[in-house]
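Beneath this line is the structure, given in structure tokens, with notes to follow.
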Amino acid sequence: MERNLKNVLVISFGFLLLFTAYGGLQSLQSSLNSEEGLGVASLSVLYAALILSSMFLPPILIKKLGCKWTIAISMCCYIAFSLGNFYASWYTLIPTSVILGLGGAPLWSAKCTYLTIAGTTYAEKAGKNAKDIINQYFGVFFLVFQSSGIWGNLISSLILSQSSTKVEISEEDLECCGAYNCLTDTTNTTGSAKPSNSLIYTLLGVYTASGVLAVLLVIIFLDQIKSDQAETEKEKLEAPSFWSTFLATFRHLKDKRQCLLIPLTMYSGFEQGFLSGDYTKVYVTCALGIHYVGYVMICFAAVNSLCSLLFGKISQFTGRKLLFALATVTNTACIIALLLWKPHPKQLAVFFVFPALWGLADAVWQTQTNGLYGILFEKHKEAAFANYRLWESLGFVIAFGYSTKLQAYIKLYILLSVLVLSMVTYGAVEYLEAKSSPGTPAATKKDNGGPHSQETRM
């Protein structure tokens, strides 16, 4: 157990270091690289590359390199993105976004495969239930990993708050903040002025170093899974070719329930994209300054982590319908309030209330949607979760893609429309389930987000 636990901790802290850098950098893209919408364009390209990557790269790389080296090499793709930000332009940021997107799917797949094999191997030796050990390992992993959003954003805020170029934002400039923001290349010309290059380079240096430490940690301390242990898993990976996986993903759309879940799955990408791409820019950076983005996103990450843990536990008592209703009401209230609210520095607490409520709702979307897929499509999990990754990533691509083209209030109306459509189609799914199995309502089954709950967060 000690050796296996050591490997679990190495992977967990490796991901913590890597996503401390990536999470902080993602939150800043719309504000840090706002010229011509470069930052959000890079995120849109990133998620498009992730869609392609998830369809064919993971089985090939894991089969050829093994889990350890797939993890290490994929982590280097994330470091490339940090390096691209040093001299951010269309010629550096877009290619490195593609590289990161291609590395994202193999990284998460190799992590899941490694923890699964390690858990199964230990369970066989100890005579324990493999499922219980695997769940323990994933529990340890997410306990450590979830805090990356806090540390990455804390680093960015502490460093960027050292800026000496802060200027008092005039009431005239504040008129350009919020839902009816002025569409300009920069958020405004005063308090959100870009930090000095020295501060940006310091921040990027810390993030890059964090990524390099993650790679070194994995290379030096993570044990390679022995060939005999990994043989069974490799056989599983060898079986599906690219075309069979590709076709299985789209063949799964013949299931009416899968088609009905597409709006809900895409909404998950839309709402996360709005918070990290639009809220941080037209509300926080515009009215308070870029150094506040990290603090606001810490609030989101902390509430999201706590609620993910809480909702995963209480869903067996409440059922998923009640939790989906809670998330819908919370998000709807936030969207309406954001349409009406004019952000002002004097209302500092309000800037933190929105991401906190958003984090609560997002925790439901992540845990319960994943759990819903696992329950509805138990016999076709691979094709189902491939669809989940595909449609959520498409939601990210669209949200980041139109980010610089539309005013915030239009995006909020789009978000509200997709949310309403999602709940209508989700209701239809629940109706079909209740109709097909009246004796065992789907809502009473225990939902389990499992290892998939954070995969599409990159």
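The values are calculated or read from the model by the stated rules, or taken from the named source; none is laboratory data. Treat the numbers as computed from the prediction; the structure is a model and nothing was measured. Ideal geometry is used to build each Cβ from the backbone, glycine not excepted, and the neighbour counts take in all protein chains shown. Heavy atoms of the whole protein, side chains included, go into the accessibility calculation; ligands, DNA and RNA do not. Shrake-Rupley method; radii C 1.70, N 1.55, O 1.52, S 1.80 Å.
What to note about this one:
- For the range 248-435, the solvent-accessible area of protein heavy atoms averages 36 Å² per residue (probe radius 1.4 Å; ligands and nucleic acids excluded).
- In order along the range 16-29, phi translates into HN-Hα couplings of 4, 5, 5, 7, 4, 6, 5, x, x, 6, 5, 4, 8, 4 Hz, rounded to whole numbers, per the Karplus curve 6.51 cos²θ - 1.76 cosθ + 1.60 with θ = phi - 60° and x for Gly and Pro.
- Helix 90-126 and the longest principal axis of the C-alpha atoms of the chain enclose an angle of approximately 40°.
- Over the chain, relative contact order from alpha-carbon pairs under 8 Å, at least 6 apart, %: 26
- Spacing of the two label points (7 Å from each Cα toward its C-beta) at Glu35 and Glu124, in nm: 5.7
- Estimated FRET transfer efficiency (Arg251, Lys346; beta-carbon r; R0 51 Å; 0.05): 0.35
- FRET efficiency, 1/(1 + (r/R0)^6) with R0 41 Å, evaluated for Tyr87 and Val140 via beta carbons: 0.60
- For the chain, the Cys residues with no second cysteine's beta carbon closer than 4.7 Å are Cys67, Cys76, Cys77, Cys112, Cys259, Cys299, Cys307, Cys334.
- Taking a point 7 Å out from the Cα of Leu213 in the direction of its Cβ, the residues of the range 22-48 whose backbone N falls within less than 16 Å of it are 22-25.
- Whole-number percent relative contact order across the range 248-435, with pairs defined as alpha carbons under 8 Å at least 6 apart: 46
- Where labels lie 7 Å past Cα in the beta-carbon direction, separation of Leu416 and Gln162 in nm: 4.3
- Rounded to the nearest 20, the size of the Cβ-charge dipole of the chain about its Cα centre is 1080 debye, with Lys and Arg at +1 and Asp and Glu at -1.
- Among Leu416, Leu260, Trp391 the positive-end extreme of the charge dipole of the range 248-435 (Cβ point charges): Leu260
- Positive-end extreme of charge dipole, the range 241-395 - chosen from Pro345, Tyr279, Val329 (charges on Cβ): Val329
- Dipole magnitude for the range 248-435: computed about the Cα centre from +1 point charges on Lys and Arg Cβ and -1 point charges on Asp and Glu Cβ, it is near 180 debye.
- Amide H contacts under 5 Å for Phe86, placed H, 5+ residues apart: none
- The angle separating the long axis of helix 38-84 from the principal Cα axis of greatest extent in the chain is about 20 degrees.
- The alpha carbon gyration tensor of the chain gives principal lengths a ≥ b ≥ c with a/c of 1.5 or higher and a/b no greater than b/c, which makes the shape oblate.
- On the basis of the beta-carbon distance and an R0 of 35 Å, Asn197 and Ser147 show a calculated FRET efficiency of 0.75.
- Nearest-ten-degree value, helix 256-274 long axis tilted from longest Cα axis of the chain: 40
- Protein heavy-atom surface of the chain, 1.4 angstrom probe: 66% of the accessible area is carbon and sulfur, with nucleic acids and ligands not counted.
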